[in-house]
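Single-structure report; data block below.
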Amino acid sequence: MALHIAYLVAIVAEAMSAALVAGRREMDWFGVCVIACVTALGGGTVRDVLLGHHPLAWVQHPEYLAYTLTAALSVGLLAPLVLRLRRLFLLLDAVGLVVFTVIGCNVASELSMPFAIVLVSGMITGTCGGMLRDVLCGQTPLLFRKELYASISLTTGLLYMGGQDIGLQHDLAMILSMIAGFTFRILAIRYDWNMPRFVYRGDWS
Amino acid sequence: MALHIAYLVAIVAEAMSAALVAGRREMDWFGVCVIACVTALGGGTVRDVLLGHHPLAWVQHPEYLAYTLTAALSVGLLAPLVLRLRRLFLLLDAVGLVVFTVIGCNVASELSMPFAIVLVSGMITGTCGGMLRDVLCGQTPLLFRKELYASISLTTGLLYMGGQDIGLQHDLAMILSMIAGFTFRILAIRYDWNMPRFVYRGDWS
Amino acid sequence: MALHIAYLVAIVAEAMSAALVAGRREMDWFGVCVIACVTALGGGTVRDVLLGHHPLAWVQHPEYLAYTLTAALSVGLLAPLVLRLRRLFLLLDAVGLVVFTVIGCNVASELSMPFAIVLVSGMITGTCGGMLRDVLCGQTPLLFRKELYASISLTTGLLYMGGQDIGLQHDLAMILSMIAGFTFRILAIRYDWNMPRFVYRGDWS
């Protein structure tokens with residue numbers, strides 16, 4: 001229940017920051033809405049399509065689309081406010097990352113998927129929305145170049161599933177893993193942690 | 001039946017204009033064929049994958065692939081003609097948009113999807129082919145920057161489903177909504193109507 | 001059985017060359033891993049999603065992910081070696097192309113798909129991994145601009161399915177078609193064969 005509310009807050013926050021990204025590229029309002037929906041709901045959609053898990057969340061609950069669209073359109077009015085609340089949005093984005101990850105793990109877990117796939121399902125849910133946003137905006141996904149997004153998602157999933165494996169109660173494992181992932185993300189932003197890059201300059205097409 | 005013939009005309013027209021887009025990017029003939037298939041059949045494919053509606057239209061009717069490929073390859077011979085008939089192609093493209101939309105609404109409607117999803121299904125069918133074409137050609141989808149494509153698709157879907165809801169006979173609602181959407185599109189081209197853009201210059205990654 | 005071993009060799013080789021492509025774009029190690037997985041396993045994934053064939057290969061066999069990730073990460077240590085063995089990798093890549101094609105044909109064939117779809121399924125399996133890699137790296141797919149990849153995949157599929165149709169034993173048809181496709185690919189590299197391009201300079205958006 002608390003997870004569901006956190007999920008709704010997260011998709012609204014993701015939709016609002018995605019709308020600003022689209023606005024910087026001077027998209028029209030339709031583009032803004034598509035980018036917002038894809039960013040907020042794309043991770044879960046990719047996961048469900050890959051796992052053959054139908055109906056999709058937003059097909060079963062079209063109100064998710066309504067929340068996302070309302071959030072995207074309200075950014076036109078609230079853009080200065082959103083900018084002033086940048087810190088709050090970074091926090092909400094971190095909440096979104098761990099919430100999406102835990103939900104993704106749950107979906108695969110309920111389908112009795114193997115452990116590795118449960119983790120991958122969490123990572124896909126946490127990260128694919130942003131990846132699709134970047135592809136549709138015509139840029140190499142940010143995800144591949146900076147931010148520890150994927151590592152944080154993996155850590156959260158490992159702690160969540162591992163915690164249950166070693167006998168922690170479900171809710172406790174969930175809360176602890178989410179706090180750990182959230183803290184990791186905040187520290188990564190604060191101290192500008194990055195994954196090392198693989199830089200290769202040889203001749204290979 | 002008339003809808004089916006209009007559909008076939010539309011996929012052939014879409015395939016031919018997509019082939020010209022690919023030709024401007026100096027793709028090889030295989031690339032031209034892929035771009036043509038993706039543009040003509042991609043909208044319905046995305047819709048069916050998202051709704052879990054299998055088999056896909058072109059899997060069940062491989063002749064659709066044959067029509068699309070023939071159309072794409074014939075553009076090599078007919079390019080000057082296609083260019084001279086540019087107006088006709090714009091009309092056929094407008095027909096395609098409303099036909100794809102109505103078909104998309106029908107598919108979701110037959111799966112007893114909620115009203116909002118029926119409209120989204122129509123919009124996906126009408127617009128995703130062009131979106132995929134632009135992503136594969138490595139550019140930000142045109143759809144997000146100009147043309148009222150998506151709004152026209154939404155209007156057509158609303159009139160079609162709304163008309164049936166207020167008791168219009170199915171065929172009448174279909175024809176009226178298609179005429180309205182077609183007229184809207186032609187007027188949008190004629191008077192260069194665009195969606196307002198959301199231009200945001202603040203500092204947000 | 002031999003086909004399965006060839007498949008494993010092929011995904012490892014594809015993952016390693018994809019990691020070098022990602023390294024040239026200075027991606028971080030997470031990006032390298034995603035690009036490697038998408039390139040090695042993406043073709044089969046697209047095929048299975050389009051055909052509604054669940055569970056996906058890597059969902060059922062998560063060890064495929066492990067092989068791909070190990071291969072991608074080992075490239076950091078082995079990059080100079082990989083470069084020195086460039087010829088070997090080109091050979092393995094050619095093996096991958098024909099193996100993926102034959103496997104793709106088999107999957108569609110077992111689902112009793114029509115002949116054209118069996119061929120398309122082989123081509124998707126053989127070529128979509130590289131196409132997705134290029135889209136995620138933000139470039140127009142190579143596939144559309146050079147290399148006879150798709151034609152070789154189609155030829156292999158035609159010989160494989162056609163051979164069985166005219167009464168060849170399954171294994172014989174498979175081996176002959178794979179040898180033919182492999183030879184075709186090697187000759188195409190050696191003599192720099194390309195598909196003709198469709199170059200169109202007229203005014204068409």
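The values are calculated or read from the model by the stated rules, or taken from the named source; none is laboratory data. What you are looking at is a predicted structure, and each value in this text was computed from that prediction instead of being measured. Using ideal geometry, Cβ is built from the backbone for each residue, glycine included, and neighbour counts are taken over all protein chains shown. Areas reflect the complete protein model, heavy atoms only, side chains present, ligands, DNA and RNA absent. Shrake-Rupley method; radii C 1.70, N 1.55, O 1.52, S 1.80 Å.
Within 13 Å of another protein chain (Cβ to nearest Cβ), of a type in the set (A, V, I, L, M), part of a helix (DSSP H, G or I) and open to solvent by less than 30 Å² (accessible area, probe 1.4 Å): is that true of C:ALA18 in this structure?
Numbers: within 13 Å of another protein chain (Cβ to nearest Cβ): yes; of a type in the set (A, V, I, L, M): yes; part of a helix (DSSP H, G or I): yes; open to solvent by less than 30 Å² (accessible area, probe 1.4 Å): yes.
Judged against the criteria, C:ALA18 is a match.
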Self-check item: Selected residue (criterion: farthest from C:GLY31 (Cα to Cα)) from residues of region A:186-201 that are surrounded by 16 or more Cβ atoms within 10 Å (Cβ to Cβ) and within 7 Å of another protein chain (Cβ to nearest Cβ)
Solution: A:TYR200
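In this structure, does C:LEU119 turn out to be out of contact with any Lys or Arg (no Cβ under 8 Å at 6 or more places or on another chain) and either under 30 Å from A:LEU136 (Cα atoms) or assigned to a helix (DSSP H, G or I) (or both)?
yes
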Quiz item: Which of the residues belonging to region A:21-52 are open to solvent by less than 20 Å² (accessible area, probe 1.4 Å) and of a type in the set (D, E, K, R)?
Solution: A:ASP28, A:ARG47, A:ASP48
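Going through C:THR127, C:THR101 one at a time, which residue ends up being farther than 12 Å from C:ALA10 by Cβ and either touching a residue at least 60 places away in the same chain (Cβ under 8 Å) or touching a Leu at 6+ places or on another chain (Cβ under 7 Å) (or both)? Talk me through it step by step, then tell me what you get.
Working: C:THR101 fails: farther than 12 Å from C:ALA10 by Cβ.
Of C:THR127, C:THR101, the one residue that is farther than 12 Å from C:ALA10 by Cβ and either touching a residue at least 60 places away in the same chain (Cβ under 8 Å) or touching a Leu at 6+ places or on another chain (Cβ under 7 Å) (or both) is C:THR127.
Evaluate the following for C:VAL102: is it at pLDDT below 95, part of a helix (DSSP H, G or I) and not polar (S, T, N, Q)? Full working, then the answer.
On the way: at pLDDT below 95: no; part of a helix (DSSP H, G or I): yes; not polar (S, T, N, Q): yes.
Judged against the criteria, C:VAL102 is not a match.
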Exercise. Return yes when A:ILE179 is farther than 18 Å from C:ALA22 by Cα, modelled with pLDDT of 85 or more and open to solvent by 40 Å² or more (accessible area, probe 1.4 Å) and no when it is not.
Key: yes
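What residue, of A:ALA108, A:ALA72, is crowded, with 22+ Cβ neighbours inside 10 Å, of a type outside the set (Ser, Thr, Tyr) and touching a His at 6+ places or on another chain (Cβ under 9 Å)? Reasoning before the result, please.
Values: A:ALA72 fails: touching a His at 6+ places or on another chain (Cβ under 9 Å).
It is A:ALA108.
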Self-check item: Search result, residues across region A:116-127 that are among the small types (Gly, Ala, Ser) and surrounded by 23 or more Cβ atoms within 10 Å (Cβ to Cβ)
Solution: A:SER121, A:GLY122, A:GLY126
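Name the residues in region B:8-55 that are on the phi > 0 side of the Ramachandran plot and either touching a residue at least 12 places away in the same chain (Cβ under 8 Å) or in contact with a helix residue (DSSP H, G or I) (Cβ under 9 Å, 6 or more places away or on another chain) (or both), would you? Even if it seems obvious, please write down each step before you answer.
First pass over region B:8-55, keeping only residues on the phi > 0 side of the Ramachandran plot: B:26, B:52.
Within region B:8-55, B:GLY52 is the sole residue that qualifies.
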Quiz item: Out of the residues in region B:75-98 that are of a type outside the set (A, V, I, L, M, F, W, C) and open to solvent by 40 Å² or more (accessible area, probe 1.4 Å), which is nearest to C:ARG197 (Cα to Cα)?
Solution: B:PRO80
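To keep it simple, each residue is scored yes or no on (1) among the hydrophobic types (A, V, I, L, M, F, W, C); (2) open to solvent by 20 Å² or more (accessible area, probe 1.4 Å).
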| position | (1), (2) |
| --- | --- |
| C:PRO114 | no, yes |
| C:GLY129 | no, no |
| C:ILE175 | yes, yes |
| C:PHE184 | yes, yes |
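Looking only at region B:56-69, filter to residues that are open to solvent by 30 Å² or more (accessible area, probe 1.4 Å) and touching a residue at least 24 places away in the same chain (Cβ under 8 Å); which one of those is farthest from B:ILE11 (Cα to Cα)?
At the first step, the residues of region B:56-69 found to be open to solvent by 30 Å² or more (accessible area, probe 1.4 Å) are B:57, B:60-61, B:63, B:66-67, B:69.
Next cut, touching a residue at least 24 places away in the same chain (Cβ under 8 Å) only: B:67, B:69.
Numbers: B:TYR67: 8, B:LEU69: 10 Å.
Residue satisfying both the conditions and the ranking: B:LEU69.
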Exercise. Could you grab me the full set of residues in region B:46-67 that are more than 9 Å from chain C (Cβ to nearest Cβ) and either in contact with a strand residue (DSSP E or B) (Cβ under 9 Å, 6 or more places away or on another chain) or farther than 28 Å from A:VAL59 by Cβ (or both)?
Key: B:TYR67
